[in-house]
There are 2 protein chains.
Amino acid sequence: MEENKIRQLVERIGIVCDKEGYPPLAGRLLGCLMLAEPPYKTFDEIVEFLHASKSAVSNTIKFLESQHMVDYITFSGDRRRYFRLKVETWPQVVQASVENLGEMKEKFKEALQIRSNQYPEFNEGLKDVVLLYEIILDIFPQVLERWDELRKKKTL
Amino acid sequence: MEENKIRQLVERIGIVCDKEGYPPLAGRLLGCLMLAEPPYKTFDEIVEFLHASKSAVSNTIKFLESQHMVDYITFSGDRRRYFRLKVETWPQVVQASVENLGEMKEKFKEALQIRSNQYPEFNEGLKDVVLLYEIILDIFPQVLERWDELRKKKTL
DNA sequence: TTTTTAGTTCTTTATTTGCAGAACCAAAAA
DNA sequence: TTTTTGGTTCTGCAAATAAAGAACTAAAAA
């Protein structure tokens with residue numbers, strides 16, 4: 001049984017997500033769905049797999065849904081939700097963090113507006129940071145385009 | 001006095017940084033240095049500006065140094081450190097988060113290695129996520145290049 | 001109608017984090 | 001040598017976060 005390998009990878013995914021600042025169970029829940037076969041699990045299956053309480057799982061799912069990382073499907077005649085990793089819209093997840101960079105950029109710009117021009121060297125440094133953020137924000141749509149393109153190519 | 005504007009912006013910078021997951025004082029300390037004139041401050045000036053304890057400031061500085069966001073300069077005949085925003089190496093800050101994306105990519109790849117090929121559609125979704133991360137990791141050095149280039153152009 | 005199921009929300013407890021203030025330390029000044 | 005300065009580290013304490021388990025709810029099943 002490679003059940004063991006699965007659990008180990010789930011834990012390591014948990015650690016990477018911890019480093020990203022996600023709540024503790026979140027990463028492991030993601031890992032659990034990433035490795036699920038079939039690629040969806042009921043609430044109770046998740047509870048059992050993670051050895052966590054229903055409340056903890058419920059709240060973590062709510063969090064992950066809010067981040068567009070998880071959603072669920074249903075089957076007619078079955079009341080349960082089948083939760084899955086929302087892989088199709090993963091770019092949205094990345095986009096969210098890019099948007100935060102955009103907010104940082106704004107703050108640097110506002111700082112420049114408030115500062116005097118008595119310390120031009122430092123101000124130039126701030127402008128360079130703004131420039132860096134601008135390049136990233138500018139290039140991100142191209143990343144998405146290229147992604148779409150390469151995916152389409154694959155399907156053909 | 002636009003002291004008030006400064007404090008308000010510092011608070012808003014604090015909020016953006018909170019959203020990024022930084023510890024509470026960190027963002028405000030960054031803001032304080034971003035708006036400082038001259039663009040560096042002594043330990044005591046920071047303590048006073050933030051109305052925080054020496055220990056809190058000391059620990060927060062340590063954290064920001066570890067993130068390569070802050071360092072200090074000295075002046076001969078003056079024992080104090082003058083802390084400043086480390087604008088010149090800000091790309092390193094961004095790079096750190098890109099590296100975390102790289103770790104996420106690895107986890108998705110490992111997941112694919114463990115998964116059977118019973119659910120090819122889902123596996124394709126995972127591959128697409130890997131592809132997305134790869135495009136980003138691939139393009140990031142170009143971002144830095146472009147940044148260098150545009151900066152050089154500016155100096156001439 | 002009563003019971004079960006699938007999950008959510010509430011309550012309590014434990015853990016973690018963040019902070020202040022005191023104690024501390026090493027280098028410089030007196 | 002003693003004192004001052006510029007911090008750092010330690011010791012609680014308060015607040016925030018996370019989790020478990022119980023109580024709850026709405027829909028479906030019996």
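Read-outs: derived from the displayed coordinates by stated rules, not from any lab. Quick caveat: nothing in here was measured; it's all calculated off a predicted structure. A quick note on method: Cβ atoms are made from the backbone with ideal geometry, for glycine too, and the neighbour counts reach across all protein chains shown.
Observations on the structure shown:
- Nm distances between copies for A:N100, ranked from closest, using label points 7 Å along Cα→Cβ: 0.6
- Whole-Hz ³J(HN,Hα) from phi, Karplus 6.51 cos²θ - 1.76 cosθ + 1.60, for segment B:48-65, glycine and proline x: 5, 4, 7, 6, 10, 7, 4, 5, 4, 5, 4, 5, 5, 4, 4, 4, 5, 5
- Cα gyration tensor shape for segment A:114-156, rounded if a/c is under 1.5, else prolate or oblate: prolate
- Across the copies of the chain, A:D138 has label points (7 Å from Cα along Cα→Cβ) spaced 2.2 nm apart, shortest distance listed first.
- Segment B:101-156-segment A:99-113 distance, computed between alpha-carbon centres (Å): 25 Å
- A simple charge model with +1 on the Cβ of Lys and Arg, -1 on the Cβ of Asp and Glu and nothing else charged puts the dipole of the protein assembly as shown at about 220 debye relative to its Cα centre.
- Summed side-chain charge close to B:L112 - residues other than B:L112 whose Cβ falls under 15 Å, Lys, Arg +1, Asp, Glu -1: 0
- Acute angle (nearest 10 degrees) that the helix B:90-114 long axis makes with the longest principal axis of chain B, alpha-carbon atoms: 20 degrees
- With θ taken as phi - 60° and the Karplus curve 6.51 cos²θ - 1.76 cosθ + 1.60 applied, the whole-hertz 3J(HN,Hα) list for segment B:5-14 is 4, 4, 4, 5, 5, 4, 5, 5, 4, x Hz, x standing for glycine and proline.
- What separates the A:K5 label point from its copies, with the point 7 Å along Cα to Cβ, is 6.1 nm, written shortest first.
- Mean sequence separation of contacting Cα pairs (under 8 Å, at least six apart), scaled by the length of segment B:20-117, corresponds to a relative contact order of 25 percent.
- All Cα-Cα separations within the protein assembly as shown were binned at 20 Å from zero, giving a P(r) of 28, 49, 22, 1, 0, each value a whole percent of the pairs.
- Between B:A111, B:A96, B:A36, the residue with the greatest mean-square fluctuation in the GNM of chain B (Cα pairs under 10 Å linked by springs) is B:A111.
- Surrounding net charge for B:H51, when Lys and Arg each add one and Asp and Glu each subtract one, Cβ distance under 15 Å: -1
- Pairwise centroid distance, computed over Cα atoms, of segment A:31-61 with segment A:62-93, Å: 12 Å
- Axis-proximal residue, chain B, for the rotation superposing B on A (Cβ, Å): B:G21, 2
- Reported value for segment A:1-112: 122 Å³ per residue, from the convex hull of its C-alpha atoms.
- Counting only other chain Cβ atoms within 10 Å of each residue's Cβ, the peptide B:121-133 averages 5.
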